[in-house]
Amino acid sequence: MGVLTTKAQLIAQGLSVSTISRRSRSGGLTRLLPGLYATEKPGYMDLCRAVALWKPDAVFSHSTAGWLWGLVEAEPRSVEATVAPNAQVRSPDWVVLRRRALPDVQKLRGLHVVSIEQAFVDLAATMPTAELEKFFDAAVGTHIPARRLAAFCDTAKGMDGMQALRTQLRRCCPGTFSEAERVVARALTARNLFMDINARVGPYYGDLVDFRARVIVEIDGREFHSTGAVFTSDRRRQNALVLDGWLVLRYSVATVMSDLDAVVEEIVSVVKRRRRSIDADRTSHA
C-alpha cells in the first residue's frame, strides 16, 4: 500500500489507539481520512488511492479524471470524485465529492474513473473559459477525435457542462503550432470564419488557409528571420504561392498579441472579399 496504511493495520502491528493518536499529533503519521493514515508525505496518486479506500463506490471525475487520463499535466488542487445521489459528501478540504447518478465507469491505473468523454464534459462544466479553450485546442484530436465527443453529446443530453462542450467543439482549433496561431484561429471561428489549420498547399504548408478564397495567413515568430537561408527560402515560397494565385497575409506574433481585433478584422474582410470575387468570376465563366 506504500505510504498509506489503515488504523486496523497499525493496530495489527502492535500500536495502541493512544499511540496512533500521539503519532498523528506529532507528525509521525498523517491522518488523511477516517481510518486512513499516511506514513510519509503522500503524493497525488496516494491521495486518490486513499479516497478509493474511503469511498469504494466513488468514481473519479472532473479534474482528477482529466489528470488520470493524461488530459492535463498539472496535478489538480483537490481530488474530485462522483458518488451516488444519496451518499454522504462531507469530506476534508482536499476532497471534492459530487452527488449524481454514477456515470459509466472505467478502470484506469487501478482506480474507477469516468470515461474520457465524460471527463471532457466534467472539465467543460468547471474550467474557466480561457483555460478551457486552451485545453480543448490541445486535447481534441490528440487524445480523442472530435467526432467521438460529438457522438457522446447525442447520448448525454442535459448533463452539466454539455452546452460548454458543444460550444468548444464548434470553436476549438486543434493543430496550431503556437499560441499566436491559436488565438487568431479562435478569434476567426468566433466570427464564423473557419480556416484550415497548418494545411498543405501544394508542396508547402500554411498556418491558416482558406481554399475557397485562396488566402493563406502566416504568423511569424521572432525567430522567423534568424538566418539568411530561412529568409531566402521564405521569399521563394511566397513568390511561388502568389504566382499560383494565392494571397499571403503575414503578421508578426507581436502584432497579433497587441492588436488581435485589427488583425482578425483584416483577415475576415480580405477572405470575404476574395470569396465574392472568385465566386463572381466562376459564375461569369459558367
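The values are calculated or read from the model by the stated rules, or taken from the named source; none is laboratory data. Remember, predicted model here, so these are calculated numbers, not experimental data. Neighbour counts run over all protein chains shown; Cβ positions are idealised from the backbone, glycine included.
Residues that are part of a loop (DSSP other than H, G, I, E, B), more than 30 Å from residue 102 (Cα to Cα) and either under 16 Å from the mean Cα position of the chain (by Cα) or not aliphatic (A, V, I, L, M) (or both) within segment 168-203 comprise 173, 174, 175, 176, 177, 178, 191, 192, 194, 202, 203, listed in sequence order. Count of segment 47-81 residues, restricted to those that are in contact (Cβ under 8 Å) with a residue 24 or more places away in the chain, outside any helix (DSSP H, G or I) and aliphatic (A, V, I, L, M), is 6.
Of everything listed in (1) surrounded by 14 or more Cβ atoms within 10 Å (Cβ to Cβ); (2) free of Cβ contacts under 8 Å to residues at least 60 places away in the same chain, the single unmet condition for residue 24 is (1). Just one of the listed residues (212, 237) is at pLDDT 85 or above and in contact with a strand residue (DSSP E or B) (Cβ under 6 Å, 6 or more places away or on another chain), namely 237.
Of all residues in segment 242-262, which are touching a strand residue (DSSP E or B) at 6+ places or on another chain (Cβ under 8 Å) and not in a helix (DSSP H, G or I)?
Quick first cut of segment 242-262, residues touching a strand residue (DSSP E or B) at 6+ places or on another chain (Cβ under 8 Å) only: 242, 246-253, 256.
Passing the criteria: 246, 247, 248, 249, 250, 251, 252.
Residues in segment 4-21 that are closer than 16 Å to residue 34 by Cα, surrounded by 13 or more Cβ atoms within 10 Å (Cβ to Cβ) and in contact with a helix residue (DSSP H, G or I) (Cβ under 9 Å, 6 or more places away or on another chain): 4, 6, 7, 10, 11, 20.
Across segment 80-127, what is the total count of residues that are over 18 Å from the mean Cα position of the chain (by Cα) and among the aliphatic types (A, V, I, L, M)? Break it down into steps so the answer makes sense when it comes.
Quick first cut of segment 80-127, residues over 18 Å from the mean Cα position of the chain (by Cα) only: 81-112.
Among the residues that remain, those that are also among the aliphatic types (A, V, I, L, M) are: 81, 83-84, 87, 89, 95-97, 101-102, 105, 108, 111.
Selection size over segment 80-127: 13.
Candidates are the residues of segment 75-91 that are touching a strand residue (DSSP E or B) at 6+ places or on another chain (Cβ under 7 Å) and farther than 12 Å from residue 58 by Cα; the one that is surrounded by the fewest Cβ atoms within 10 Å (Cβ to Cβ) is 78. Restricting attention to segment 133-167 and to residues that are part of a helix (DSSP H, G or I) and either at positive phi or touching an Asp or Glu at 6+ places or on another chain (Cβ under 7 Å) (or both), the residue that is surrounded by the fewest Cβ atoms within 10 Å (Cβ to Cβ) turns out to be 148.
Which of the residues belonging to segment 93-122 are under 24 Å from residue 53 (Cα atoms) and either outside the structural domain of residue 47 (by TED's automatic domain parsing) or assigned to a helix (DSSP H, G or I) (or both)?
Within segment 93-122, 116, 118, 119, 122 qualify.
If a residue has to be small (Gly, Ala, Ser) and either at pLDDT 95 or above or exposed (fewer than 12 other Cβ atoms within 10 Å of the Cβ) (or both) to count, how many in segment 251-262 make the cut?
Let us first name the residues in segment 251-262 that are small (Gly, Ala, Ser), namely 252, 254, 258, 262.
Subset that is either at pLDDT 95 or above or exposed (fewer than 12 other Cβ atoms within 10 Å of the Cβ) (or both): 258, 262.
Adding up the residues that qualify gives 2.
Scanning for something surrounded by fewer than 16 Cβ atoms within 10 Å (Cβ to Cβ), part of a strand (DSSP E or B) and among the charged types (D, E, K, R), does segment 263-278 turn up at least one residue? No, because not a single residue in segment 263-278 is surrounded by fewer than 16 Cβ atoms within 10 Å (Cβ to Cβ), part of a strand (DSSP E or B) and among the charged types (D, E, K, R).
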